[in-house]
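The values are calculated or read from the model by the stated rules, or taken from the named source; none is laboratory data. From a predicted model like this one, the values you see are computed outputs, not experimental measurements. Neighbour counts run over all protein chains shown; Cβ positions are idealised from the backbone, glycine included. The protein model used for the area step is the full one, side chains on, heavy atoms only, and it has no ligands, DNA or RNA in it. Shrake-Rupley method; radii C 1.70, N 1.55, O 1.52, S 1.80 Å.
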Amino acid sequence: MELKIENTPNKDIIKFVAPHTLVEGSFEISNFDEAKNIPLAQELLKFSFITKILITANFIALQKNESIDWELVKNEIKEIIIDELLANPSIIIKPQKNPITVYAESTPNQEVMKFVTSRILVEGIIEIKDVHEAKDVPLALYLLSFPYVKEIFICDNFISITKNKDFDWQEIAMEIRTNISEYLKDNKDISYLNELIVKESIENSDRKEYTPIEEKIKKILDEYVLPAVSGDGGNIDLVSFDETTKTAKMILQGACSGCPSSVITLKNGIENLLKQMLPNEVENVEAING
């Protein structure tokens, strides 16, 4: 690399001129804090006699104190500048984006795939069935802008996406994974909501207190059922319990919603579990959206 040395009217300032533009704009640096993203400036500031650095257009101007003469050091500094420019032609090192990993997992529901991330996305659960429900969830709005995304379920560190039937996972899974990763790396907003979302039409969805038997059912679900369901990209929750018919009504979300195997699991697995653990108290289990 060619680098010309030019004197200036100020005997304490010297210029090193390159044959091409080095940076857009200009950078004036006088301490290590200002040089944190500029390796070249960091190297030059190691010389105690250099008091200021200006990098702009196609040249680097250095200002020194009076303790030394430029003639004694300018050629050595020229070589250092050349080495640094070859190592980092862009001059400025942009801060790296937050490291985010995203990987895809299949679910029992062929229409749903689970995308697991290396960070917590939300506290609670967000279920989005269409774009109108996504107005306060920027990540959902972004994903729904793609024609292959039909529904979205976000919980903890994963996103379960229901695809439109016209598309095949082999064609879109990698693109979705990349889109989610880039969105998160850019630190964009996930959601403006603070509470768990449940469809407004679900009976008793706004109720905050549970009866003693409902508390027992919820405890069993949370301890024995929810971990496996969450691992498959879904969620199950108690909506209400009818003491007359001894029927526990559940809501299925995410990969569980609309999945035939989930309904079978609900009847053959969860219903039997509740009958065994709460004999004569629970007889039936129903999915209100199964």
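Listing for the model above:
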{"item": "Cβ-derived FRET efficiency at R0 51 Å, residue 106 paired with residue 37, nearest 0.05", "result": "0.75"}
{"item": "Extension gain, residue 24 back to residue 88 (0.36 nm per residue minus Cα-Cα distance, nm)", "result": "21.5 nm"}
{"item": "Dipole of the chain [Lys/Arg +1, Asp/Glu -1 at C-beta], most positive-end residue of 144, 159, 174", "result": "174"}
{"item": "Per residue, the convex hull volume that the Cα atoms of region 64-198 enclose (Å³)", "result": "173"}
{"item": "Listed pairs 188/218; 188/249; 52/78; 36/78 exceeding 25 Å between Cα atoms", "result": "188/218; 188/249"}
{"item": "Electrostatic dipole magnitude of the chain [Cβ: Lys, Arg +1; Asp, Glu -1; Cα centre; debye, to 20]", "result": "400"}
{"item": "Per residue value of the accessible surface for region 73-180 (all protein chains in place, 1.4 Å probe), Å²", "result": "53"}
{"item": "Helix 169-185 vs. the chain, principal-axis angle (Cα, 0 to 90°, nearest 10)", "result": "60"}
{"item": "Heavy-atom accessible surface of region 1-159: percent carbon and sulfur, 1.4 Å", "result": "51"}
{"item": "For the chain, built as a Gaussian network whose Cα springs stay under 10 Å, the top-fluctuating residue of 79, 127, 223", "result": "79"}
{"item": "Convex hull per residue volume in Å³, alpha carbons only, for region 46-134", "result": "239"}
